[in-house]
Amino acid sequence: MSNRIFQPMSRRAFLRGAGVTMALPWLESTAVWGDERRSREAGSQPPVRFACLFAGNGFHSKEWWAKGEGTNMQLGKVLEPLSPFREKLTFLRGLYNAEALIGGIHSCQTGNLLTGAHLAPNGEIRSGISCDQVVANQSKGQTKVPSLVLGTEQSIAAIHKNYSMIYSSHISWSSATTPTPLELYPALAFDRLFRDEVGKADHSVLDAVREDAASYRSTVSASDKHRLDEYLTSVRELEQQIEQAGRVGRLQGWRPTLTAPDMKRPPNGIPQDIDQHMRLMCDILVLAFRTDTTRVCTLKLNNDHSSLRFPNLNVDYMIHHLLSHSDGDDWLKVNRFFTQQVAYIAGKLDAVQEGERTLLDNSMILFCSSMMTGNHNNDQLPVVLLGRAGGRIKSGRVLDYLGKPNRKMCSLYLSLMDKTGVHLTSFGDSTEPLAEI
């Protein structure tokens with residue numbers, strides 16, 4: 001076998017074409033993670049990725065729970081879709097955000113979820129930089145995209161309980177006064193990963209890099225040829241899914257009287273089918289992590305004061321926010337639908353081998369809401385963590401912080417940021433990480 005295969009390459013490896021740059025996935029034949037010195041010393045270890053998935057309005061009051069450890073862990077009905085990943089799951093009970101107790105329910109409970117900052121009232125916009133953006137700032141220059149901030153529901157411009165509803169629409173903040181721009185369009189999120197100019201979609205990204213991919217393929221090992229082919233196939237499949245998005249026409253909620261269009265089809269936009277929309281965003285998150293195009297992603301599945309409807313679940317008579325107050329079977333269906341998105345991501349990540357670990361092992365996937373249930377109670381928050389941060393987190397556990405002196409959400413963020421190489425002495429309202437994480 002040629003020596004060329006196992007020699008360290010430049011810090012990152014890319015496939016390039018006209019207007020397209022594609023970062024490569026982990027390959028055993030090449031050292032493409034981190035700088036060259038660390039690659040030689042540490043065997044090119046994959047980086048730790050961080051994602052936060054947010055679901056608004058909390059969860060079913062009786063079905064969000066976990067007990068036991070490892071393969072013996074039992075999960076409530078909301079979390080049952082995560083059962084295959086129990087050994088890689090950490091359930092955290094009793095954490096809370098003190099600044100969210102000051103009032104304002106939806107807006108005030110959400111705008112500082114990832115910041116721990118005091119929110120400005122009276123329609124003013126002021127929170128703090130969120131933990132995901134702290135990590136993104138640290139890794140700038142190491143990845144093509146510092147962070148992806150994705151969503152499936154548009155921001156709300158209104159006032160609720162004396163607080164701007166911008167707070168209830170954003171959990172990622174680039175600065176105290178700037179929510180990180182939220183990408184709702186799957187096509188544009190996809191373009192941001194691969195195209196040098198977002199929105200330029202004259203041809204497939206694979207067509208653009210075909211020649212470079214063929215050349216690169218001849219330089220890697222047989223097993224890496226399989227990894228590369230599998231990766232390129234997944235890119236093509238996602239492109240095709242985006243092209244098909246919205247063509248089924250299963251609209252949420254109210255049905256219009258016009259059954260056929262009376263105008264020309266507009267350009268591709270936001271898919272009308274919420275299940276399709278969420279699944280595309282999940283696929284984009286996985287692809288972004290798999291290629292190391294970014295190491296930080298925030299996916300807001302809906303707003304905290306959400307108006308989403310769910311005809312795909314035969315729950316189409318009530319918007320998400322109102323349904324959250326019912327705590328019935330339909331609410332449980334919706335809860336499980338959200339958890340299924342998390343399980344889908346976990347499954348995709350766990351199927352990707354990166355050396356001795358999987359991509360899920362090398363990630364931290366935080367799943368949370370800004371209140372425990374739809375009744376706005378947030379003296380403790382629903383929090384689940386999937387992944388092992390490259391072996392830095394002992395998973396398969398239930399950690400109960402109720403009654404303990406340090407049960408701040410920001411203490412969790414200090415611990416998680418530390419796993420990514422961001423070592424802070426304080427964040428938000430905390431000066432002490434969670435020792436167990």
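The values are calculated or read from the model by the stated rules, or taken from the named source; none is laboratory data. Being a predicted model, the structure only gives us computed values, none of them experimental. Please note: Cβ atoms are built from the backbone with ideal geometry, for glycine as well, and neighbour counts cover all protein chains shown. The accessibility values were calculated without ligands, DNA or RNA, using every heavy atom of the protein model including side chains. Shrake-Rupley method; radii C 1.70, N 1.55, O 1.52, S 1.80 Å.
Here is how the numbers come out for the structure above:
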quantity	calculated
The one condition in (1) free of Cβ contacts under 8 Å to residues at least 12 places away in the same chain; (2) open to solvent by less than 20 Å² (accessible area, probe 1.4 Å); (3) in a loop (DSSP other than H, G, I, E, B) that residue 157 fails to fulfil	(2)
Number of the condition not met by residue 149 [criteria: (1) crowded, with 24+ Cβ neighbours inside 10 Å; (2) assigned to a loop (DSSP other than H, G, I, E, B)]	(2)
Pair list, Cβ under 6 Å, 6 or more apart: the range 54-78 residue touching a residue at least 40 places away in the same chain (Cβ under 8 Å), other residue among the aromatic types (Phe, Trp, Tyr)	55/338; 60/331; 66/91; 78/59; 78/64
Given (1) under 30 Å from residue 16 (Cβ atoms); (2) assigned to a loop (DSSP other than H, G, I, E, B), index of the condition residue 135 fails	(2)
The one condition in (1) modelled with pLDDT under 85; (2) part of a loop (DSSP other than H, G, I, E, B); (3) not aromatic (Phe, Trp, Tyr) that residue 181 fails to fulfil	(1)
Filtered residues of the range 139-186 (kept if on the phi > 0 side of the Ramachandran plot and among the small types (Gly, Ala, Ser))	141
Residues (polar (S, T, N, Q), out of contact with any helix residue (DSSP H, G or I) (no Cβ under 7 Å at 6 or more places or on another chain) and under 20 Å from residue 409 (Cβ atoms)) located in the range 77-101	90
Given (1) part of a helix (DSSP H, G or I); (2) of a type outside the set (A, V, I, L, M); (3) modelled with pLDDT of 90 or more, index of the condition residue 303 fails	(1)
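Results for (1) at pLDDT below 90; (2) within 26 Å of residue 147 (Cα to Cα); (3) open to solvent by 50 Å² or more (accessible area, probe 1.4 Å); (4) not in a loop (DSSP other than H, G, I, E, B), shown as yes or no for each residue.
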| residue | (1), (2), (3), (4) |
| --- | --- |
| 249 | yes, no, no, no |
| 253 | yes, no, no, no |
| 258 | yes, no, yes, no |
| 263 | yes, no, yes, no |
| 269 | yes, yes, no, no |
| 279 | no, yes, yes, yes |
| 299 | no, yes, no, yes |
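Here is a yes/no grid of residues against (1) under 25 Å from residue 220 (Cα atoms); (2) in a loop (DSSP other than H, G, I, E, B); (3) within 19 Å of the chain's Cα centre (by Cα); (4) at pLDDT 95 or above:
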position: 25; (1), (2), (3), (4): yes, yes, yes, no
position: 44; (1), (2), (3), (4): yes, yes, no, no
position: 90; (1), (2), (3), (4): no, no, yes, yes
position: 99; (1), (2), (3), (4): no, no, no, no
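Per-residue answers, yes or no, for (1) surrounded by fewer than 20 Cβ atoms within 10 Å (Cβ to Cβ); (2) among the charged types (D, E, K, R):
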position	(1), (2)
346	no, no
355	yes, no
388	no, yes
411	no, no
434	no, no
